[in-house]
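Okay, structure first, notes after.
The values are calculated or read from the model by the stated rules, or taken from the named source; none is laboratory data. In this text the structure is predicted, and so the values were computed from the model without any measurement. Counting neighbours? That spans all protein chains shown, and the Cβs are built from the backbone with ideal geometry, glycine included.
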Amino acid sequence: MNYFKTALLLAALTALFMAIGFALGGQGGMVIAFLVALAMNAYSYWNADKVVLRMHNAVEADEKNAPEFFEIIRRLAEAADLPMPRVYLINSPQPNAFATGRNPANAAVAATTGLLDTLSMEEVAGVMAHELAHVKNRDTLVMTLTATIAGAISMLANFAFFFGGNRNNNSMGLIGTLAIMVLAPLGAALVQMAISRTREYAADRMGAMICGNPVWLASALEKISGAAHHIPNPSAERNPATAHMFIINPLSGQRMDNLFSTHPDTENRIRALMQQAQEMGNAAQPAAAGHDGPWSQATRANRGPWG
């Protein structure tokens with residue numbers, strides 16, 4: 001994603017934030033919303049990664065508390081020619097993962113305990129290679145900024161229900177207030193969709209190249225997608241604006257979440273990865289059939305819960 005598109009999408013979210021401010025408080029409300037948006041963008045640039053990690057109660061991992069997982073990230077970072085990111089674990093049975101940070105030098109990757117418990121070592125490598133691809137493509141800044149601002153838009157839209165707008169500055173009344181409550185979060189979701197869908201395919205392709213086998217990631221996506229809608233992720237449900245950051249939509253809803261999903265169809269992603277596997281000549285290699293890739297035999301022998 002280039003810088004112009006990033007700026008354009010963030011400007012769209014800022015404009016939406018200002019429009020809600022105008023609806024609630026007229027011109028004064030719009031000015032206040034603009035100033036708040038500027039402050040939020042500045043704060044988010046430097047701190048949004050920490051905010052998102054706190055939202056999901058992520059705990060930093062290292063060689064002592066998660067040696068195999070940490071080693072996988074280290075080897076993948078080397079293969080991707082990236083600085084070693086900070087590594088986090090999220091205590092959730094739902095298998096999932098995301099990356100955050102304003103640039104590769106300040107990146108962090110996070111995986112749920114369910115991911116490590118459910119997937120093979122190779123599949124974990126495929127997933128985390130996908131997340132490092134987001135870091136390498138510099139997707140993480142806009143992903144994290146968007147999560148923060150979209151969450152604020154949804155919160156501000158909810159205020160409309162309680163305050164009903166500034167009646168001296170607009171005549172929308174109850175219908176207008178209800179429209180804000182519905183359309184503002186929807187608009188934020190549409191911007192998230194524009195940010196997310198294309199970059200997921202790009203991260204899948206690059207991630208497969210980083211880990212060396214597209215089938216590992218394809219197998220992982222199939223397992224994660226099958227589990228995501230059956231195993232709840234409470235922190236994601238409390239913070240739905242961060243859903244687009246995960247490799248698979250972590251929300252359990254079956255209606256709006258699917259209609260306005262920030263993720264492309266999983267079957268299409270798997271199909272693209274299998275095509276890439278054929279191009280790379282390793283389509284017949286299953287996700288856990290003893291192919292070492294970049295991992296040492298010592299690491300493979302001590303993979304813990306990874307099969």
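For Phe98, are the conditions met, namely being surrounded by 18 or more Cβ atoms within 10 Å (Cβ to Cβ), in a helix (DSSP H, G or I) and modelled with pLDDT of 75 or more? Spelling it out, it is not the case that Phe98 is surrounded by 18 or more Cβ atoms within 10 Å (Cβ to Cβ), in a helix (DSSP H, G or I) and modelled with pLDDT of 75 or more.
Of the set (1) of a type outside the set (S, T, N, Q); (2) touching a residue at least 40 places away in the same chain (Cβ under 8 Å); (3) over 22 Å from His230 (Cβ atoms), all apply to Pro95 but (3). The set of residues from region 26-69 being under 20 Å from Ala129 (Cβ atoms) and crowded, with 16+ Cβ neighbours inside 10 Å comprises Asp49, Ala58, Ala61, Ala66, Glu68, Phe69. In region 57-92, the qualifying residues are those that are under 21 Å from the mean Cα position of the chain (by Cα) and assigned to a helix (DSSP H, G or I), and the one that is nearest to Val109 (Cα to Cα) is Ile73. Within region 213-244, the residues that satisfy the criterion of being surrounded by fewer than 20 Cβ atoms within 10 Å (Cβ to Cβ) and modelled with pLDDT of 90 or more are Glu222, Lys223, Ser225, Ala227, Ile231, Pro232, Pro234, Ser235. Taking region 5-22 as the range and being aliphatic (A, V, I, L, M), more than 15 Å from Ala39 (Cα to Cα) and modelled with pLDDT of 70 or more as the test, the residues that pass are Leu8, Ala12, Leu16, Ala19, Ile20.
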